[in-house]
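Only one structure is covered here, and it is reproduced in the block below.
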Amino acid sequence: MNKNYPFFLTFIVCLLLNSTIQAQNKFTIEDVIARARAESPSSKRTQTTKETRYWEYRTFRARYNPQLAISGFAPTYSLSFQQIIQPDGTKLFQPINQTNSYTNLGLLQPIRWTGGTISANTNFNYFTDIARNSKSWNGNIYNVRLDQPLYAYNAFKWDRLTLSLKFEESKREYVEQLEFISQNAADFFFQVIRAQIDEQIARFNLANNDTIFKIEQGRYNIGTTSKDKLLQVELQLLKSKQDVAQARINIQNASLSLRIYLGFKNDEPFELILPEIVPLFDVNLDEALKYARQNRAAYVAFERRRIEAESDVARAKGSRLSSTLTASYGLNNAGFSVGDLYTNPQQQQQFNVGFNIPILNWGRNKATMQTAIANKKLNDYTIAQDEITIEQEIITQVRQFELLRLQIEITKKSDEVARERYNVAQNRYLIGKIDITNLNIALTEKDNAKRNYLEALRTFWTSYFALRRLTLFDFAENRLLYTQNE
């Protein structure tokens with residue numbers, strides 16, 4: 001029998017397996033990432049969060065717009081005995097049978113610079129005494145009112161500073177989350193690739209070990225090999241069958257995890273294409289740090305946290321003295337009809353300043369103030385440490401990235417050398433120059449070299465998207481991933 005016949009048969013089997021895979025859907029890493037960013041459950045949650053933050057910001061902005069509202073109550077009816085004080089000071093219980101209604105139309109405008117409010121109102125009150133058959137109207141033709149806290153905490157001012165930063169922060173977080181989704185999708189992608197490669201290796205090894213077992217059986221029958229070596233090869237064949245079964249389980253589990261992450265709703269088989277061509281670009285550390293400071297949501301959050309700490313100090317300071325200025329001017333009148341209200345209306349004016357000054361509170365105000373100041377200092381220290389942590393993460397990522405492409409080149413060359421060495425070892429085994437132990441060593445080195453190359457590719461792609469997330473800059477395409485007008 002031709003010695004090379006079993007290996008020719010193995011080659012045919014591999015071709016048939018490959019033709020079966022060719023009929024499946026094929027996806028590149030770009031396809032998987034695009035699907036993850038557009039349709040995965042994670043992307044939909046991220047999009048929903050973005051929309052929620054947008055409408056929260058719109059609600060905040062609406063607080064500063066004029067508010068026009070009508071209020072009051074419909075006619076209320078009352079029938080009862082009530083105590084009425086007479087001119088001489090005596091009290092009589094008189095029957096009361098009346099209706100009363102009230103309507104107010106008001107325009108309210110917050111004053112963001114001072115924290116006060118200004119309003120314009122017009123209202124009418126209609127009263128009917130059924131028992132005495134009398135009717136009357138009274139109301140304010142118009143009334144302009146100012147309510148202004150003095151020396152108080154201005155919530156409008158601080159909200160305007162912090163909430164606009166929160167909205168900007170949320171937009172940048174959205175882009176960062178998309179890059180995080182890309183990074184996770186790349187990791188799931190390579191988990192499936194690893195399972196596919198392991199299955200190919202297991203099938204190849206099974207076919208080879210089956211052929212070697214048959215060769216060893218022939219040698220044993222003619223007395224050129226020992227029973228020990230035959231059993232060793234048989235044991236290797238059984239292990240190969242076990243590896244194929246385990247590889248099938250692993251590829252099913254990895255594929256299921258990828259389907260769940262991408263939101264696939266069918267069980268259609270697919271094949272992933274190994275991305276051996278990686279983008280060529282250089283990463284400058286100073287530029288990476290610059291883009292991170294300009295673009296990352298964390299740096300916007302640092303500024304927001306500083307302002308919030310200052311806001312807490314201002315709130316503590318404003319709580320020490322409470323005073324409010326109230327001033328109003330308008331025209332009002334009363335009459336037996338609506339028209340009477342507009343006949344010679346009388347001026348209505350009001351001005352007062354209310355205050356609440358604590359005289360003795362046993363140091364509570366001082367303690368509140370000092371607590372706010374201490375918290376601000378702690379916040380400043382924490383922000384400084386967080387900035388260092390982010391910068392160190394970027395520095396580590398950039399320095400690691402400089403070695404990744406070299407690692408790919410080394411592991412790819414190692415893969416090629418290991419495959420060639422295995423072919424040589426295989427041929428030498430066929431002619432009896434080496435034993436099965438040395439052939440198995442060459443086989444193991446070949447498989448490990450392939451897996452190391454695959455791991456180097458996985459590390460490169462996940463690090464690439466991690467770098468994009470950390471800087472919001474794509475060094476491969478030399479473009480910003482976020483601009484403020486988005």
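What residue, among those in the range 1-32 that are over 17 Å from Lys265 (Cα atoms) and at pLDDT 90 or above, is surrounded by the most Cβ atoms within 10 Å (Cβ to Cβ)? My answer is Ile29. Scan the range 64-81 and give yes if some residue there is loosely packed, with under 11 Cβ neighbours inside 10 Å, under 45 Å from the mean Cα position of the chain (by Cα), assigned to a helix (DSSP H, G or I) and aliphatic (A, V, I, L, M), otherwise no. Checking the range 64-81: not a single residue is loosely packed, with under 11 Cβ neighbours inside 10 Å, under 45 Å from the mean Cα position of the chain (by Cα), assigned to a helix (DSSP H, G or I) and aliphatic (A, V, I, L, M). Please verify whether Lys135 is outside any strand (DSSP E or B) and surrounded by 13 or more Cβ atoms within 10 Å (Cβ to Cβ), treating the condition exactly as stated. Here the answer is no, as Lys135 does not meet what is asked.
Restricting attention to the range 393-450, which residues are within 30 Å of Arg219 (Cβ to Cβ) and small (Gly, Ala, Ser)?
Ala418, Ala425, Gly432, Ala442, Ala449
What about Lys290, is it of a type in the set (Lys, Arg) and in the same structural domain as Thr389 (by TED's automatic domain parsing)? For Lys290, the condition - of a type in the set (Lys, Arg) and in the same structural domain as Thr389 (by TED's automatic domain parsing) - is met.
Considering the range 102-132, and only residues there that are of a type in the set (A, V, I, L, M, F, W, C) and part of a loop (DSSP other than H, G, I, E, B), the residue that is modelled with the highest pLDDT turns out to be Trp113.
Cβ-Cβ distances below 6 Å connect the following pairs, each with a first residue in the range 328-346 that is aliphatic (A, V, I, L, M), a second residue that is part of a loop (DSSP other than H, G, I, E, B), and a separation of six or more residues or different chains: Leu331/Pro345. Whether a residue is farther than 30 Å from Thr462 by Cα and over 44 Å from the mean Cα position of the chain (by Cα) was assessed, and Leu321 does not pass this test. Scanning for something modelled with pLDDT of 90 or more, part of a helix (DSSP H, G or I) and in the same structural domain as Lys450 (by TED's automatic domain parsing), does the range 276-286 turn up at least one residue? Looking for residues that are modelled with pLDDT of 90 or more, part of a helix (DSSP H, G or I) and in the same structural domain as Lys450 (by TED's automatic domain parsing), one finds at least one in the range 276-286, hence yes.
The values are calculated or read from the model by the stated rules, or taken from the named source; none is laboratory data. Note that the structure is predicted; figures quoted are calculated from it, not measured. Here Cβ is always computed from backbone atoms with ideal geometry, including for glycine, and neighbour counts include all displayed protein chains.
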